Amino acid sequence: QVQLVESGGGLVQAGGSLRLSCAASGRTFSSVIMAWFRQAPGKEREYVAVIGTNGFTYYADSVKGRFTISRDNAKNTVYLQMNNLKPDDTAVYSCALKNRMGITTTAKTYDYWGQGTQVTVSS
């Protein structure tokens, strides 16, 4: 079965940086689509970034120019580098895996999820 283990969340001041990691196991990592979503208190889960099997990346408008998604297939790990963090970035960030073809940005289309890691940005 697929397992996703996340790490790297924490408390940071506005303007600071964090890097989230998500280690995957249970299937061929290079052949799946990986994404990050986030959910702030009182809000619905929203798409943040996605990386395809070919390495192509896509971002939500709210994080373009500040966040970078990447993957290391040898380590079965996907990363989210977050720079110039803002208080509005405060949320639980979750890693997700899609085992079917086609890049999507809707949470319900992803098959497996990590437990989530809290990111808190203070002003």
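Kindly list the number of the only condition in (1) under 13 Å from L18 (Cα atoms); (2) open to solvent by less than 60 Å² (accessible area, probe 1.4 Å) that fails for C95.
(1)
Has region 59-69 got at least one residue that is in contact (Cβ under 8 Å) with a residue 60 or more places away in the chain and open to solvent by less than 50 Å² (accessible area, probe 1.4 Å)?
The answer is no; no qualifying residue exists.
Return only the number of the condition from (1) in a strand (DSSP E or B); (2) farther than 26 Å from S123 by Cβ; (3) more than 14 Å from the chain's Cα centre (by Cα) that C95 does not satisfy.
The single condition C95 does not satisfy is (3).
Would you please name the residue that is modelled with the lowest pLDDT, looking only at residues in region 107-123 that are part of a loop (DSSP other than H, G, I, E, B) and open to solvent by 70 Å² or more (accessible area, probe 1.4 Å)?
Top of the filtered list is S123.
Considering only region 80-92, state which residues are farther than 24 Å from S25 by Cα and open to solvent by 20 Å² or more (accessible area, probe 1.4 Å).
Result: N83, N84, K86, P87, D88, T90.
The values are calculated or read from the model by the stated rules, or taken from the named source; none is laboratory data. Keep in mind that what you see is a predicted model, and the values were worked out from it rather than measured. Note that each Cβ is placed from the backbone with ideal geometry, even for glycine, and that neighbours are counted across all protein chains shown. Side chains included, ligands, DNA and RNA excluded: accessible areas come from the protein's heavy atoms. Shrake-Rupley method; radii C 1.70, N 1.55, O 1.52, S 1.80 Å.
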